[in-house]
Amino acid sequence: MLTTAAYVIAFALAAWALLCAAINRQPDRIQFYGAILATLSIVALLIQAVVQWHPQDPIIFIGYGLTALLLPGAAWALARLEPTRYGSLIVGVAALIQPVLVLRMGQVWGVS
């Protein structure tokens with residue numbers, strides 16, 4: 001359930017941010033709130049992982065978890081430094097990377 005929510009949030013953020021980039025718009029509040037929601041979904045997944053701790057390779061899992069946790073905020077910070085359509089592109093591409101990280105976390109975690 002949490003994994004599906006993380007996918008939906010990330011893909012919705014990616015769709016909006018890439019649409020904004022396509023129509024030549026800078027990053028907006030919707031992208032900001034989407035990045036916050038994406039981060040919160042990863043926090044929920046990591047809390048669930050700590051409660052049910054049984055990764056096959058803990059070091060790799062922690063690496064994927066930290067990357068997924070920090071990616072939306074870092075993308076938003078870079079997007080604010082580039083207040084053009086390319087800032088929206090940064091947020092969109094980062095949002096497309098996040099589902100891959102969540103998928104790999106599930107595989108390393110041993111739940112997929």
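The values are calculated or read from the model by the stated rules, or taken from the named source; none is laboratory data. Since this is a predicted model, take the numbers as computed values, not measurements. Positions of Cβ are backbone-derived with ideal geometry, glycine not excepted, and every protein chain shown enters the neighbour counts. Accessible surface areas use protein heavy atoms only, side chains included; no ligands, DNA or RNA. Shrake-Rupley method; radii C 1.70, N 1.55, O 1.52, S 1.80 Å.
Ignoring everything except DSSP H segments at least 4 long, calculate the 222 nm mean residue ellipticity for the chain; use -39,500 (n - 2.57) per segment, divide by total residues, nearest 500.
-29000 deg cm²/dmol
The modelled label-to-label distance for the pair Trp53/Thr84, using points 7 Å beyond Cα in the direction of Cβ, is 4.7 nm. Accessible surface calculations at 1.4 Å, restricted to protein heavy atoms, place the chain at 56 Å² per residue. Split the accessible area of the chain by element, probe 1.4 Å, and carbon with sulfur accounts for 73%. Candidates (i) 2, 14, 26, 28, 19, 9, 2, 0; (ii) 2, 11, 20, 24, 19, 13, 8, 2, 0, 0; (iii) 2, 14, 25, 22, 15, 10, 7, 4, 1; which is the computed P(r) over Cα pairs in 5 Å bins from 0, in percent? Recomputing P(r) over Cα pairs in 5 Å bins from 0, in percent here gives the entry labelled (iii). Axis angle, to the nearest 10 degrees, between helix 29-51 and the longest C-alpha principal axis of the chain: 0 degrees. Peptides 84-94, 20-30, 48-58, ordered by how many other C-beta atoms sit within 10 Å of their residues on average, highest first, read 84-94, 20-30, 48-58.
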